[in-house]
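The values are calculated or read from the model by the stated rules, or taken from the named source; none is laboratory data. The structure presented is a predicted model; accordingly, all values stated were derived computationally and were not measured. Positions of Cβ are generated from backbone atoms using ideal geometry, with glycine treated the same way; all protein chains shown enter the neighbour counts. These area figures cover heavy atoms from the full protein model, side chains too; ligands, DNA and RNA do not enter into them. Shrake-Rupley method; radii C 1.70, N 1.55, O 1.52, S 1.80 Å.
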Amino acid sequence: MSAADWYAHKSLGDGIFWIQERFYQSDNRANIWLLRGSHQDVVIDTGLGLRSLPDYIDAKGLLGKDPQRKNPLLAVATHAHFDHSGGLHQFQQVGVHSAEVDALANGDNFETVTWLSDREIVEAPSPGWRARHYKVKAVQPTHILQEGDVINLGDRQLTVLHMPGHSRGSICLHDHDNKLLFSGDVVYDGSMIDWLPYSRVSDYVSSCERLVGLVDSEQVDQVLPGHYNTFGAKRLHRIASTYISRAGTCPAKFSTFAWRTLAGVALRACNPRSAC
């Protein structure tokens, strides 16, 4: 299967494209965001990496047809989990938060929580492909990101907000001028996951408090998340506030502990050679 068949996209206007993997039918299917800038272009998250994302972007002319336009293309992972980082190795420039550099450089399929089943791939990307052979390929990040770093696209700036909880290196990218938040898995319109290896509920609460603050200070109008559909500031406030109020309850704490234990056992069984 070609890259042109594997992916699909739609334009949201203003140089923003929403890309998805057509034949990866799962709640784990991550949104891929492409932003065109006047001096730099950025891909936010890269999916599984089963087909070439750069080839798709080129084939569909998403960065324009002008042969003189030679902007650098930076791929940024909002965090190291497999559904967001699997395609990073396809890019020459790769950015991730400093807390997860080693996980990517070592191809650590425990920390990247690699968990893929045949039933989630409704059409195989190549003959004989099987999910059990899938691993996140090691990649050495060229851009090590920290809180407050600014990714300058020329006519658009993305500020790195380190918001751990879902993972230790989770980030959002905030376009302050346009009041857009590329939130990765820090927040999306679904059940927020805080029970994976390197998840931490107390960090997640702090991150959600920051999200509430962004809404209260009118710095976010639209959220472009790591999964599911986009949503607005009111919904962001509600999701973050609800997590904060529920996180400290006894049932929530017990559920988190139980799921973390099960997830750790399952991931170690599937990725026995990964660093833990």
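Here are a few things to note about the model shown:
- Remark: the range 153-256 carries 42 Å² of accessible area per residue (probe radius 1.4 Å; ligands, DNA and RNA excluded).
- Value at 222 nm in deg cm²/dmol, rounded to 500, when DSSP H runs of n ≥ 4 in the chain each add -39,500 (n - 2.57): -7500 deg cm²/dmol
- The distance linking the range 146-161 with the range 17-79 is 18 Å (Cα centroid to Cα centroid, whole angstrom).
- Accessible area of the range 9-94 divided out per residue, in Å², using a probe of 1.4 angstrom: 38
- Listed residues 53, 208, 92: farthest to the positive end of the dipole of the chain (Cβ charges): 53
- For the range 3-270, the residue among 160, 121, 82 whose Cα projects farthest onto the positive side of the dipole built from Cβ charges is 121.
- Inter-label distance, nm, simple model (7 Å from Cα along the C-beta direction), residue 210/residue 27: 2.5
- Around the Cα centre of the chain, unit charges on the Cβ atoms of Lys, Arg, Asp and Glu (plus for the first two, minus for the last two) sum to a dipole of about 620 debye.
- Surface calculation, 1.4 Å probe, protein heavy atoms: residue 36 sits at approximately 80 Å² accessible.
- Among the protein heavy atoms of the range 110-166, carbon and sulfur supply 50% of the accessible surface, probe 1.4 Å, non-protein parts ignored.
- Cut-off of 10 Å, at most 14 other beta carbons, DSSP loop: longest stretch of the chain lacking such GluC sites (Glu not before Pro): 1-122
- In summary, the convex hull built on the alpha carbon positions of the chain has an orientation-averaged projected area of 13.8 nm².
- Within the range 1-134: Cβ-based charge dipole about Cα centre, in debye rounded to nearest 20 (Lys, Arg +1; Asp, Glu -1): 440
- Cross-link reach list, lysines versus residue 234, counting only Cα pairs under 18 Å and skipping chain neighbours closer than eight places: 179
- Estimated FRET transfer efficiency (residue 58, residue 147; beta-carbon r; R0 45 Å; 0.05): 0.85
- For the range 152-157, 3J(HN,Hα) per residue [Karplus equation, 6.51 cos²θ - 1.76 cosθ + 1.60, θ = phi - 60°, Hz, x = Gly/Pro]: 9, 8, x, 9, 8, 10
- Candidate aspartates and glutamates for bridging to residue 60, where Cα separation is under 14 Å - those fewer than 8 sequence places away on the same chain excluded: 5
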